[in-house]
Structure formats: C-alpha cells, structure tokens
1. For the list (1) without any contact (Cβ under 8 Å) to a residue 24 or more places away in the chain; (2) under 21 Å from Thr64 (Cα atoms); (3) in a helix (DSSP H, G or I), I need the number of the one condition that Asn143 fails.
2. When you look at Ser31, is it farther than 20 Å from Leu135 by Cα, in a helix (DSSP H, G or I) and either within 17 Å of the chain's Cα centre (by Cα) or among the hydrophobic types (A, V, I, L, M, F, W, C) (or both), yes or no?
3. Of the residues that make up the range 105-127, is at least one over 20 Å from Asn14 (Cβ atoms), in contact with a Phe, Trp or Tyr (Cβ under 9 Å, 6 or more places away or on another chain) and among the aliphatic types (A, V, I, L, M)?
4. Might you check whether a residue that is under 24 Å from His8 (Cα atoms), more than 16 Å from the chain's Cα centre (by Cα), exposed (fewer than 13 other Cβ atoms within 10 Å of the Cβ) and modelled with pLDDT of 90 or more occurs anywhere in the range 73-95?
5. Considering only the range 51-82, state which residues are part of a strand (DSSP E or B) and either basic (Lys, Arg) or in contact (Cβ under 8 Å) with a residue 24 or more places away in the chain (or both).
6. List every residue pair whose Cβ atoms sit under 8 Å apart, with the two residues 6 or more apart in sequence or on different chains, where the first one lies in the range 109-136 and is closer than 26 Å to Lys28 by Cα and the second, anywhere, is loosely packed, with under 11 Cβ neighbours inside 10 Å.
7. From the list Ala104, Ala118, Ala46, Ala86, pick out the single residue that is among the aliphatic types (A, V, I, L, M) and within 18 Å of Cys18 (Cβ to Cβ).
Amino acid sequence: MDNSDHLHGSIVVNIFRCSNLLERIGRKLASEVGLTSVHQWFILSALSNGDLSLKQLGKNTLVTKQNMTGMIERLKQGQFVTTYEAHDDRRMTLVSLTEKGKQALTHLDRFGITNNEASFEHIKLDELTSFNRCLQQLIENMNKE
C-alpha cells in the first residue's frame, strides 16, 4: 500500500465519520420541525427553488424512485409538500412546497447557519472552495460507477 492508497482510505473514513456527525446533528434539527429524517430536509431544500418532478428530485438527492415515492408520501401526510400532475404530461408528478414546508425550511436554514458557522470556524474561504470542488468531483466520479 503506497501513500496515496493510505490517504484515499483515510479520506473515505473521515467522510464517513463526518457523515455520521452530520446525520446526528441534522436528525435533531429535522425533528424540531416535525420531519422524520434528514433526507426529508434534503427534499425540502431541493424544492426551495421551485417545483420538481419525482425523477428530478431523485436525481438531485441521489435517492431511488421507490424510496422517493415513500418519502414524498410521508411529507404529504405531514403537509410539508403537495403533488400534482404536470399540465403538459399527465404521467409526470410534480412536487411543491406548502407553506408549512417553507416555514420548516426557514427554521432549518436559520439553525443550520449557526451550526455551520461553528463547524467551519477555522477553515479559510479558499480552503472551503477547494474542498467543495473536491467533494463535487468525488461525487461525480462515484456516481459513474
């Protein structure tokens, strides 16, 4: 095993560790507004820029269609989202934030910013920018497989 293999392995382990911490923090914040999972928060965030189809939501959040359907149903039951048929293609289901969903997202964003400030406190902007590009490339590479 050479140094790059060791570094790659260390990065993967640290990403998993970070993911576990983010999940724990996110689950606590999500439960404060009545969401049952961090994935539901991801869906609300994806809808913050406008209505999306189930297919687009799955692609944006990397969630399978089967799981997406169940999550949307639970969000509908909680009155966070609503669904409707696309006007130009009735086979396509579109998802929209409700007022309750928008309020939940506003609450989550406000508390998320506070947590993010503490998490990124000693990291410079250029380091964060580079790190974000690396994560995006890693996701793209892994998504090809």
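The values are calculated or read from the model by the stated rules, or taken from the named source; none is laboratory data. Note that the structure is a prediction, hence the values are computed from the model and not measured. Positions of Cβ are generated from backbone atoms using ideal geometry, with glycine treated the same way; all protein chains shown enter the neighbour counts.
1. The number of the failed condition is (1).
2. Working: farther than 20 Å from Leu135 by Cα: yes; in a helix (DSSP H, G or I): yes; either within 17 Å of the chain's Cα centre (by Cα) or among the hydrophobic types (A, V, I, L, M, F, W, C) (or both): yes.
Yes; evaluated as a whole, the condition is true for this residue.
3. Yes.
4. Narrowing the range 73-95 to residues under 24 Å from His8 (Cα atoms): none.
Scanning the range 73-95, I find no residue that is under 24 Å from His8 (Cα atoms), more than 16 Å from the chain's Cα centre (by Cα), exposed (fewer than 13 other Cβ atoms within 10 Å of the Cβ) and modelled with pLDDT of 90 or more, so the answer is no.
5. Kept after step one, since they are part of a strand (DSSP E or B), are these residues of the range 51-82: 52-53, 81-82.
Leu52, Ser53, Val81 - these are the residues of the range 51-82 that are part of a strand (DSSP E or B) and either basic (Lys, Arg) or in contact (Cβ under 8 Å) with a residue 24 or more places away in the chain (or both).
6. Within 8 Å, the pairs are Phe131/Ile123.
7. Working: Ala104 fails: within 18 Å of Cys18 (Cβ to Cβ); Ala46 fails: within 18 Å of Cys18 (Cβ to Cβ); Ala86 fails: within 18 Å of Cys18 (Cβ to Cβ).
Result of the check over Ala104, Ala118, Ala46, Ala86: Ala118.
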